[in-house]
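In what follows, a single structure is set out as structure tokens and then discussed.
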Amino acid sequence: WRLSMSTIIVDTLTGKSTATTITIGSTPVVSASANSLTIRGEGSNQTSIQQGLVKAWVNHDQATVNDSHNVGSVTDNGTGDYGTNFTTNMGNTNYSGGGLGVHDAGSYTAFQTYDHDDPFTTSQGTINMQNVDQNTQDAEPTCTIYIGDLA
């Protein structure tokens with residue numbers, strides 16, 4: 001007989017060698033402990049899945065959100081100055097944010113800078129969009145990601 005597709009449905013998956021490790025072949029690829037899940041990355045190094053996830057992202061035209069994850073709204077603070085308001089707060093203010101934007105139907109790309117006059121809070125990441133002359137500039141759309149610890 002020939003098997004072309006299989007489905008396994010389980011409520012609990014327990015590693016064969018330990019209750020917290022799943023091994024494929026002879027190499028452990030997933031390890032779990034309280035509030036932590038690691039997976040084998042490049043080579044033999046393990047990487048934290050929680051630390052590597054994007055915690056919030058947004059695609060917006062000034063204050064109009066086109067699509068997002070963990071973003072309730074965007075505040076337009078002025079030309080090229082936007083605040084991303086998180087649905088679930090970040091755990092501290094030491095997270096990273098970055099992205100890019102396009103201005104005038106693609107006439108040039110605007111880049112993001114950290115707004116040192118309005119630093120990150122746990123509930124909002126504020127960024128400035130700048131053109132090649134380093135002047136603040138509106139961008140449509142603006143695309144931003146935030147990586148760090150959630151509260």
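Within the bounds of the stretch 124-143, is there any residue that is at positive phi and not polar (S, T, N, Q)?
no
Of all residues in the stretch 105-136, which are in a loop (DSSP other than H, G, I, E, B) and under 23 Å from PHE86 (Cα atoms)?
ASP115, HIS116, ASP117, ASP118, PRO119, PHE120, THR121, THR122, SER123, listed by residue number.
Can you name the residue in the stretch 69-104 that is among the β-branched types (Val, Ile, Thr) and either assigned to a strand (DSSP E or B) or modelled with pLDDT of 95 or more (or both) and is also most open to solvent (accessible area, probe 1.4 Å) among such residues?
Ranking the candidates gives THR87 first.
The values are calculated or read from the model by the stated rules, or taken from the named source; none is laboratory data. As the structure is a prediction and not an experimental result, all values here were calculated from the model. SASA here: full protein model, heavy atoms, side chains in, ligands and nucleic acids out. Shrake-Rupley method; radii C 1.70, N 1.55, O 1.52, S 1.80 Å.
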